[in-house]
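A short reminder: the numbers here are calculations on the coordinates, not readings from a lab. Being a predicted model, the structure only gives us computed values, none of them experimental. Every residue, glycine among them, receives a Cβ derived from its backbone with ideal geometry; neighbour counts consider all protein chains shown.
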């Protein structure tokens, strides 16, 4: 991938069908449950990207074999039955939040010493709340260089049962990681969340995947233990966060895009992104196996995106072309993602002439009156895949929109710009 790419404007409103690659969130959760299962599982429709590759590599370093077939879309996982095969391992997780958080909890089930590290930005992403929770259950987890931050050292001797308290206002992944490890504790674990839980649909996703692998679950956050995950064949949905870019492409160009493989009752909360587009004036049609967005997003809205915070940047790109301001609230936690997704997003949106106010928990975006005359804008991506994908969308209607470091999309969607170009080409409109 070149160090920059300039988006080619669509010749007409986009009309087409697309099936994005498998969900990163589901793939990495299913990998953890399958890795802990007693037997061999087959995952189909899996995502092949940097985030899933570092998960698979790390599981291999823990002695859990994962075979990849069909260009990485089929994964055969040889589970360890909850017994981590090796007593020491050094794991590199890149900038994958799901990988370091889920595997820190998984490693706590072992017997030995494990180290987890990533790129420089990962060392700035907090993990202290998860470490504190695991330590309440008998683990010895700490930040190697700085308290509460990677690199993480886990000195493990299994997890005991009991009551544990964890914060939920930074990332729901802390709770999800703890939940997936909990069936292999010595006794039942009851989790109390001490602050407002962000991204709640991802916790519901975790629970449903655990149940798919045979784990039982009590009311609230009580997980009976000991239990053993059962191996199974598991089909992974297309990524709803990735789908948001194509629905947004329809909303910006006034076209019509159908995303196949997703329905309103998807495991992924991010399908609710289409409800934001409906409020802005788009028409949304749902079937048993697809969701279609058509028409232009005409009107700015005020919306709490706490439950669908991975689509904030996508909505911001659409907001540039709406009439009136758009206010996004409930997403203070996204400052701790791959980049500061409030401050850095505001900086890039201003390049389009937008007036952007940073709020304590979000942004207020007022589009410029002359947005359709804007051109020749270079977007910094901050090594954030979602910044690259979302802020490439204005290039479908504005000439000269250039994305720096487009290869950062390999984190979750290596072929994104190819798929976007295909959908917006003359053959697709």
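Suppose each label sits 7 Å from its Cα in the direction of the beta carbon; what would the residue 88-residue 160 distance come out to in nanometres?
Label at residue 88, label at residue 160, 2.7 nm between them.
Note down the relative contact order for the chain as a percent, whole number, built from C-alpha pairs under 8 angstrom at least six residues apart.
19 percent.
May I ask you to sort 100, 379, 153 by Cβ crowding, counting other Cβ atoms within 10 Å and putting the fewest first? Walk me through the numbers before you get to the answer.
On the way: 100 28, 379 24, 153 19.
Arranged by neighbour count, lowest to highest, 100, 379, 153 become 153, 379, 100.
For the ranges 300-307, 371-378, what's the packing order if you count other beta-carbon atoms within 10 Å of each residue, average per peptide, and put the highest first?
Per-residue mean Cβ counts within 10 Å order the peptides as 300-307, 371-378.
What does the highest-first list of 117-129, 390-402 look like by mean Cβ count within 10 Å?
Highest mean packing first, the order is 390-402, 117-129.
Express as a percent, rounded to the nearest 5, the fraction of DSSP beta bridges in region 24-235 (both residues included) that run antiparallel. Working shown, then result.
Details: 22 of 35 bridges.
Percentage antiparallel, nearest 5: 65.
Could you list 370, 344, 169 in order of exposure, starting from the residue whose Cβ has the fewest other Cβ atoms within 10 Å?
Taking fewest neighbouring Cβ atoms as first place, the list is 370, 169, 344.
Going by the alpha-carbon gyration tensor, a ≥ b ≥ c the square roots of its eigenvalues, is region 24-235 rounded (a/c under 1.5) or, if a/c is not under 1.5, prolate (a/b greater than b/c) versus oblate?
Rounded, because the longest to shortest axis ratio a/c is under 1.5.
Please work out whether the chain counts as rounded, prolate or oblate from its C-alpha gyration tensor, where a ≥ b ≥ c are the square roots of the eigenvalues and a/c under 1.5 means rounded, while otherwise a/b larger than b/c means prolate and anything else oblate?
Working: a/c = 1.92, a/b = 1.72, b/c = 1.12.
Judged from the Cα gyration tensor, the chain comes out prolate (a/c at least 1.5, a/b above b/c).
What number, in percent, do you get for the relative contact order of region 347-429 if the mean sequence gap of Cα pairs under 8 Å and at least 6 apart is divided by its residue count?
Working: 97 pairs, mean separation 18.0, N = 83.
Taking the mean separation of contacting Cα pairs over the length of region 347-429, I get 22 percent.
What's the exposure ranking of 385, 336, 111, going from fewest to most Cβ atoms within 10 Å? If you can, show how the numbers build up before the last one.
Working: 385 28, 336 15, 111 12.
Taking fewest neighbouring Cβ atoms as first place, the list is 111, 336, 385.
Using a 10 Å cut-off on Cβ atoms, rank the peptides 230-237, 314-321 from the highest mean neighbour count down.
314-321, 230-237
At 222 nm, what value in deg cm²/dmol follows for the chain if DSSP H runs of at least 4 each add -39500 (n - 2.57) and the sum is divided by all its residues, to the nearest 500?
Numbers: 12 runs with 120 residues, N = 429.
It lands at -8000 deg cm²/dmol.
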